Amino acid sequence: MKKQVNVSLPFMVMGVLFCVCLIAANLFESKQISLGPLEITAGLIVFPISYIINDCLVEVWGFSKTRIVIWLGFAMNFFFVSMGALADWLPGAPYWTGEEGFHTVFGVAPRIAVASFLAFLVGSFINAYVMDYMKAHTKEGKGFSARAILSTVAGETADSILFFPLALGGVVPWDALWQIMLWQVFLKTGYEVIALPVTIQVVNYAKRFADSTDVEFIPE
């Protein structure tokens, strides 16, 4: 007898978007951009969205199901980086002139890749845990905005503390590195605050339709 597996459509969409954000952030990291006096990587455009989705998943479906998406995001990101590294390693055709640009995007240094994977896992799980813990200790699950902001501060702080020293320690002066880390946490948290009205609407929508829009998968 074939077993039916029900997957909530909003959950599935958020899971896919979570993975896409992680992969896109990797691609965008190769470009440095200027925002006034700040010089940051273009990954800031999309990476904080993964934390917003993380908050939505925990709020609607809980920590245990969010863990599945976090591990899935890690696996998809690892697959993408590995395939990109392989494509970068393979020799280009004699007539192809885009080797330097391709290497800039896909030639991720092993040190940076390891730092990125470790920081992502720790930061994402801390964000999800803090969100879930605060929800369990909040009367009737109220205070979503505060939970979302504080969990992001915790997750992004852990992410920055791990990533920047591991990836750039000894390359960038330590006094400058600490400033970069603080600005990253500040800007990414600010991103979440600005996006809160949209995040709240997404959470409310998902809560209404999470149980009524299941997609049935029947394994062959």
Quiz item: For segment 1-117, what does the alpha-carbon gyration tensor say about shape, rounded, prolate or oblate, given a ≥ b ≥ c as the root eigenvalues, a/c under 1.5 as rounded, and a/b over b/c as prolate?
Solution: oblate
Exercise. Compute the separation of the alpha-carbon centres of segment 69-132 and segment 166-208 and state it in Å as a whole number.
Key: 19
Quiz item: Restricting to the chain, what percent of DSSP beta bridges are antiparallel, rounded to 5?
Solution: 90
Quiz item: Considering amide H positions built from the backbone, and no H for Pro or chain starts, which residues 5 or more places from S8, or on another chain, come under 5 Å of its amide H?
Solution: V215
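What percent does the relative contact order of the chain come to when contacts are Cα pairs within less than 8 Å and at least six residues apart?
Numbers: 243 pairs, mean separation 68.0, N = 220.
Computed value for the chain: 31 percent relative contact order.
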Self-check item: Other-chain or far-sequence residues with amide H under 5 Å of T41's (modelled H)
Solution: I33
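Report the relative contact order of segment 74-198, percent, no decimals, based on alpha-carbon pairs under 8 angstrom and at least 6 residues apart.
Working: 95 pairs, mean separation 31.0, N = 125.
Normalised by residue count, the contact order of segment 74-198 is 25 percent.
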Quiz item: Order of 108-115, 12-19 by packing, highest average Cβ count within 10 Å first?
Solution: 12-19, 108-115
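Compute the signed sum of charges (Lys and Arg +1, Asp and Glu -1) over the other residues within less than 14 Å, Cβ to Cβ, of N127. Can you show the working numbers first?
Values: positive: R67, K135, R147, K188; negative: D55, E59, D132, E156, D159, E192.
Result for the local shell: -2.
Of the heavy-atom accessible surface of the chain (probe 1.4 angstrom), what whole percent is carbon and sulfur?
70
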Quiz item: Using a ≥ b ≥ c from the Cα gyration tensor of the chain (square roots of the eigenvalues), is it rounded, prolate or oblate, where a/c under 1.5 gives rounded and otherwise the larger of a/b and b/c decides, a/b for prolate?
Solution: oblate
Practice problem: Pull up all non-local amide H partners of V108: gap of 5 or more, or a different chain, and H-to-H distance under 5 Å with H placed in the peptide plane. | Solution: none
Exercise. Return the subset of K65/K188; K135/K207; K139/K207 for which the Cα-Cα distance in this structure is over 21 Å, preserving the input order.
Key: K65/K188
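So what's the back-of-envelope 222 nm ellipticity for the chain, counting only DSSP H runs of four-plus at -39500 (n - 2.57) apiece and dividing by all residues, rounded to 500?
-25000 deg cm²/dmol
The values are calculated or read from the model by the stated rules, or taken from the named source; none is laboratory data. Predicted model, so just to flag it, every value in this text is computed and none were measured. Ideal geometry is used to build each Cβ from the backbone, glycine not excepted, and the neighbour counts take in all protein chains shown. For accessibility, only protein heavy atoms count, side chains too; no ligands or nucleic acids. Shrake-Rupley method; radii C 1.70, N 1.55, O 1.52, S 1.80 Å.
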